[in-house]
Amino acid sequence: MEYKNKLVLAPMVRIGTLPFRLMAAEYGADITYGEEIIDHKFIKCERKVNEYIGCTDFVEKGTENVVFRTCYEERHRVVFQMGTSDAVRALTAAQLVCKDVAAIDINMGCPKSFSISGGMGAALLSKPELIHDILTTLKRNLNSPVTCKIRLLKSPQDTVELARRIEKTGVSALAVHGRKVADRPRDPAKWNEIADVVSALSIPVIANGDVFDYGDFEQIKSATGASSVMVARGALWNASIFSPEGKLHWEDVKREYVRKSILWDNDMKSTKYTLKEMIGHYTSLEQAEGKGLTKSETLADLAKFYGEERYYWFVDESRFSGNESIEKFL
C-alpha cells in the first residue's frame, strides 16, 4: 500500500460499505476505507466465502448478520477501520481480516458518544500510552500496513506531539481530520494545523476536511503539504468527486449506487441511510422520492421504486444460473 499522491475515501459509518467503496474506486478513489467496525463485535465473526454473490463475508456467529463484506476487486485498496480500546482485542480482530484487506486503521477521531463511552475513537487522543500499546502490538504481529486517523487536539503543539509519538510506533501513515472533537461539520477545517503535523513528520500524512470538489484536492495538498487527501461528505454527496474529468450529475451517481447495492446484496438499512444522506443534501426528504424511499423495505422494493426491476431480476437470475455476465449488463 502506497500513501503518496492518493485520493482517499474516508471511513463513514453505515455508508462505507462495499457498493459505495467500489463506486468511489470506479470514479477515481485510490484508497477506500470501510466503515468503522467495533472490535468487540468483529471478534464474534467468522469468515465465509459467499460464492452466490462472489465476495467474502465476516458474519456474526449464530446469525446471518454480515458485519463486513469485501471482494477480490478491492483487495489492494480497501482499508479495514477498527474501533478499539484494547491492544489484544484489536490484534485478534485484525488477524481475522488482515489477509483480505490492504491495511488496518485504528479510529482515534470519532467524537460520537457510542465510541467515546467505550474508550474508543476520540477518547484515545488523551491516552498516548494506550495508543502506543495498540499500534505497536499491531505492527509487531501483522504483516499488513497499520495506520490511524486522529483529530486536532486543543493546541497545535499538542497535536504535533501526539503525531510524533504515533510516528514512533512504526505506522505507515497518519490521517488527520482538521477539526477538534468539539467542532461541528459546519466549522471550517484548520488546514494550517494539519500543515504543522506534516512539517513535523517523515511518514505520509493524509489530510481530511472541507474537500467538496476535485480542485479542492490540490488546494488542501498545497496548503498543508500532505502526501494524500481524504474526503468524506464531499464523496457522500457525489462520489464522482474523485473523477479528474469533473463530477457527474448526482442523480446519475445515485442510480449507480442503487445498482451496486442490488449487485452486492447490500444491507437494506445501510442502503436506505446512504440514499437519504445523498438525497437530503440536494432536496427535501419530505418530497415524493424521500417518502417512497422510506416505504421501501427490501432491495426488490428499491429496484421497483427506481425503475430498476429488470436489472434486479437479471442479477438474481444470473446468480441462480451461474451466469458471469452480470457486469456486461451494467
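Give the carbon-plus-sulfur fraction of the accessible surface of the chain in %, rounded to a whole number; probe 1.4 Å, heavy atoms of protein chains only. Whole-percent figure for carbon plus sulfur exposure: 48. The length gained by stretching the chain between Lys168 and Glu317 to full extension, at 0.36 nm per residue less their Cα-Cα distance, is 48.4 nm. Charge tally for Ala182 (other residues, Cβ to Cβ under 12 Å; Lys, Arg +1; Asp, Glu -1): +3.
Before anything else, pin down the relative contact order of the chain: Cα pairs under 8 Å, at least 6 apart, normalised by residue count, whole percent. Write down the numbers at each step before the final one.
Values: 627 pairs, mean separation 51.4, N = 330.
Relative contact order of the chain: 16 percent.
Selection among Gly83, Trp250, Leu7 by position relative to the dipole of the chain gives Gly83 as farthest towards the positive end (Cβ unit charges, Cα centre). Identify the residues of segment 148-183 with backbone N under 14 Å of a label point that sits 7 angstrom from the Cα of Arg140 along the Cα-to-Cβ direction, or state none. Within reach of a label on Arg140: 169-170. Average accessible surface for segment 208-310: 46 Å² per residue, computed with a 1.4 Å probe over protein heavy atoms with every protein chain in place. Beyond a 24 Å Cα-Cα separation, which of these cross-linked pairs lie in this structure: Lys44/Lys276; Lys44/Lys99; Lys139/Lys180; Lys4/Lys127; Lys48/Lys139? Those over the limit are Lys44/Lys276; Lys139/Lys180; Lys4/Lys127; Lys48/Lys139. Solvent exposure of segment 1-111 amounts to 40 Å² per residue of accessible area, where only protein heavy atoms count and the probe is 1.4 Å. Charges were assigned to the Cβ only: +1 to each Lys and Arg, -1 to each Asp and Glu. The resulting dipole of the chain about its Cα centre is roughly 780 debye. A value for Cα Rg over 2.2 N^0.38 Å was derived from the coordinates, and within the list [x] 1.37; [y] 1.19; [z] 0.99 it appears as [z].
Label positions at Glu251 and Phe114, each projected 7 Å from the Cα along the C-beta direction, are separated by 3.4 nm. Unpaired cysteine residues in the chain (no second Cys Cβ under 4.7 Å): Cys45, Cys98, Cys110, Cys148.
Could you work out the relative contact order of segment 66-125, using alpha carbon pairs under 8 angstrom and six or more residues apart, expressed as a whole percent? List each step's numbers first, then the result.
Values: 78 pairs, mean separation 20.6, N = 60.
Rounded, it is 34 percent for segment 66-125.
The values are calculated or read from the model by the stated rules, or taken from the named source; none is laboratory data. The model shown is predicted, which means the values in this text are computed figures rather than measured ones. Positions of Cβ are backbone-derived with ideal geometry, glycine not excepted, and every protein chain shown enters the neighbour counts. Accessible surface areas use protein heavy atoms only, side chains included; no ligands, DNA or RNA. Shrake-Rupley method; radii C 1.70, N 1.55, O 1.52, S 1.80 Å.
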